[in-house]
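Engineer: Pasting a structure below so you can have a look.
Please treat every number below as a calculation from the coordinates, not as lab data. This one's a predicted model, so the numbers in the text were calculated from it and none came from an experiment. Using ideal geometry, Cβ is built from the backbone for each residue, glycine included, and neighbour counts are taken over all protein chains shown.
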Amino acid sequence: MSNNATFDLPEFPWDRLAPLGDKARAHPGGIVDLSIGTPVDSVPEVIQSALSAASDSPGYPPTAGIPALQKAMRDWSVKYLGTSESVGVLPSIGSKEMVTLLPFLLRAKRVLYPDIAYPSYHVGAVLAGAEAIPVGEDPKSWPAADFAWINSPSNPTGALMSDQAVRDAIQWAKSNNAYLVSDECYLQLGWEATPRSVLSFPEAADVKVIALHSLSKRSNLAGYRAGFAVGNPSVISELLEIRKHVGMMMPGPVQLAMIAALADTEHVTKQRAVYLRRRTELHRGLTAAGFTIHDSVAGLYLWATRDEECWKSADWLAGHGILVAPGDFYGVRGKNFVRAALTATDERIDVAVARLTATA
């Protein structure tokens, strides 16, 4: 039970991980922290320069984003998501702000979310005072509601929704006159398959569909809090009006940095190569240690199991100085899995792989 008198929030999952963190840090060779997907590589110089050049920013920035940022978000969406030129766009203070607050901002009453998912979908429904309902992968089985989340590539599993499942989710939203929100922050990190935005489906044009994107992963901008929403213009306009009243504005210098990040593709290609190498090595190490990798065709994580309770696996790994996230953080269906992030330095990934392969 939460100490908060208003909201019965669950315990923050990573607080439960503290004892295993202490165990991993006690390893003679130090901890390899794979528990959280926080970037560790440098912010690209082109983005740092844009932020620095915009540092003299004394006025309030527009909630909608300056015109140049609106154009950059729209141009990127047309090129990479397959949207029309008329798509609505809106910058956000990171994507997690949107994930957590959207049900509240849109006054949702019943929120559907994947039964294996990022915990913030559930928390956002609780904060909105909405009924939170975990659902399976087939939208044809979903109950009636006014708001639903989809997440492809998935956090934590790295799985992709099939095209048919996305179409069925769009049809569900149309039949229920519901908001359908697609969390797509890992869209440019496909490995064994190519992720596809919900907005690339023509059926989405006439439905209350929006997609959330982030520069935290593709551009190492987690510290900048640079995200954006794309989609149905009327829904984006509704969000804009609410956010203007609340004063939810992306800082002016970050808006300029975001323009630079969206315009530059070279740093994205380089970062993908870094993550691919780490993924290949970590996959090899976990497999050598008896783990099987499931679903992880995209994203920043490996979803691994040894067919045992997740905390037992996490404790075994912590004994080797490797900290991962137990799968039950993400739902009951994750009870026999752990999630290992690719967001550690090359040196730490190599250390983890050496420890794992030595156990084989």
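Engineer: Can you list residues whose amide H is under 5 Å from LYS217's amide H, if they're 5+ apart or on another chain and H is modeled 1.01 Å from N?
Structural biologist: Amide H neighbours of LYS217: none.
Engineer: Under a point-charge model restricted to the Cβ atoms of Lys and Arg (+1) and Asp and Glu (-1), what is the dipole moment magnitude of the chain relative to its Cα centre, in debye to the nearest 20?
Structural biologist: So the magnitude is around 140 debye.
Engineer: Report, in cubic angstrom per residue, the convex hull volume of the C-alpha atoms of the stretch 130-280.
Structural biologist: In the stretch 130-280, the Cα convex hull volume per residue is 137 Å³.
Engineer: Straight distance only, please: which lysines reach the Cα of LYS335 with their own Cα at less than 27 Å, same-chain residues fewer than 8 apart left out?
Structural biologist: Within reach: LYS23, LYS96, LYS140, LYS217, LYS312.
Engineer: Continuing with this model, one more query. Once amide H atoms are placed 1.01 Å from N in the peptide plane, what residues at a sequence separation of 5 or more from VAL135, or on another chain, have their amide H within under 5 Å of its amide H?
Structural biologist: The answer is TYR113, ASP115.
Engineer: From the helices alone, meaning DSSP H stretches of at least four residues, give me the mean residue ellipticity at 222 nm for the chain, per-run term -39500 (n - 2.57), in deg cm²/dmol to the nearest 500.
Structural biologist: -12000 deg cm²/dmol
Engineer: While we're on this one: Picking from GLY327, GLY227, GLY29, which is most flexible by a Gaussian network model of the chain using Cα springs under 10 Å?
Structural biologist: GLY29
Engineer: Follow-up. For the chain, modelled as a GNM with alpha-carbon contacts under 10 angstrom, which of SER175, SER92, SER154 fluctuates the most?
Structural biologist: Per the Cα network of the chain with a 10 Å cutoff, SER175 tops the list.
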